[in-house]
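The values are calculated or read from the model by the stated rules, or taken from the named source; none is laboratory data. In this text, all values refer to a predicted model and were calculated from it rather than measured experimentally. Methodologically, a virtual Cβ is constructed for each residue, glycine included, from the backbone with ideal geometry; neighbour enumeration extends over all protein chains shown.
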């Protein structure tokens with residue numbers, strides 16, 4: 001891998017003709033310096049950081065839970081076991097935080113299929129597993145949406161034909177991908193009701209063309225990363241065995 005650093009050189013001309021010297025920027029120059037694998041390491045620096053590196057590696061590999069099987073985001077057409085686990089984990093771990101601050105509950109969770117970056121392998125589960133699943137620094141936010149915007153979410157899901165991780169909803173499509181049923185917490189969506197939707201900051205900003213989040217009543221930033229929610233969930237479980245269910249399905 002080649003990394004390029006850009007160093008900026010500033011030339012400053014000094015006027016000394018008056019009592020108070022004034023500095024004026026006259027020129028900005030740039031120079032590229034490439035760093036390649038051919039450069040040798042520094043043994044003193046490596047020796048200094050080794051104890052810290054070893055401690056981090058040990059922490060990352062400490063066993064938190066056990067996965068009963070191997071799960072991937074390709075396992076299902078509209079919902080997957082790993083996606084369901086991640087969305088449910090975001091709900092269970094972030095809802096207490098949200099409720100303690102607002103007195104309200106999260107109604108549903110929507111994440112993105114592309115945000116799942118690895119499989120969950122059968123066997124021991126560690127913090128390193130969470131970093132594999134979610135290597136990005138995405139944080140959980142809760143958006144207050146009216147029922148009309150929640151309808152837009154359902155329409156987006158019905159047209160996308162991707163197993164975006166969701167929790168708290170029941171969405172059923174007919175063979176032509178028309179919506180037969182769309183519910184939140186087992187109830188029909190009310191147009192003027194406010195729903196609290198947990199998602200990540202990337203999607204809130206319009207990622208994956210989820211533009212419906214911008215028409216909202218309020219935004220709540222939890223300062224809680226999705227990765228940390230996964231780690232906290234792992235630590236509470238002995239065995240991880242998520243399943244594909246009927247939260248988002250199509251009748252063929």
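Okay, residues lined up against (1) over 14 Å from the mean Cα position of the chain (by Cα); (2) without any contact (Cβ under 8 Å) to a residue 60 or more places away in the chain:
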| position | (1), (2) |
| --- | --- |
| 184 | yes, no |
| 187 | yes, yes |
| 193 | yes, yes |
| 204 | no, no |
| 215 | yes, no |
| 221 | no, no |
| 237 | yes, no |
| 244 | yes, no |
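What tally of residues in the range 229-243 results from selecting those that are surrounded by fewer than 17 Cβ atoms within 10 Å (Cβ to Cβ) and assigned to a helix (DSSP H, G or I)? Before you say what the answer is, go through the steps one by one.
Initial filter on the range 229-243 (surrounded by fewer than 17 Cβ atoms within 10 Å (Cβ to Cβ)): 232, 235-239, 241, 243.
Of the ones still in play, those that are also assigned to a helix (DSSP H, G or I) are 232, 235-236.
Total satisfying the criteria: 3.
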Worksheet item: Is there a residue in the range 111-132 that is modelled with pLDDT of 95 or more, within 20 Å of the chain's Cα centre (by Cα) and under 24 Å from residue 188 (Cα atoms)?
Response: yes
Worksheet, complete the sentence: All conditions in (1) surrounded by 10 or more Cβ atoms within 10 Å (Cβ to Cβ); (2) more than 22 Å from residue 245 (Cα to Cα); (3) out of contact with any helix residue (DSSP H, G or I) (no Cβ under 6 Å at 6 or more places or on another chain); (4) at pLDDT 75 or above are true of residue 60 except (3)
Response to the item:
Within the range 155-177, of all residues that are within 20 Å of the chain's Cα centre (by Cα) and assigned to a helix (DSSP H, G or I), the one farthest from residue 194 (Cα to Cα) is 160
Worksheet item: Of the numbered conditions (1) under 17 Å from residue 141 (Cβ atoms); (2) touching a helix residue (DSSP H, G or I) at 6+ places or on another chain (Cβ under 9 Å), residue 217 satisfies every one except a single condition; which is it?
Response: (2)
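Considering only the range 134-147, I want to know if a residue exists there that is under 17 Å from the mean Cα position of the chain (by Cα) and within 18 Å of residue 70 (Cα to Cα). Give the steps one after another, and end with the answer.
Filtering the range 134-147 down to residues under 17 Å from the mean Cα position of the chain (by Cα) leaves 134-143.
Next, only the ones that are within 18 Å of residue 70 (Cα to Cα) stay: 134.
Yes: the range 134-147 contains one or more residues that are under 17 Å from the mean Cα position of the chain (by Cα) and within 18 Å of residue 70 (Cα to Cα).
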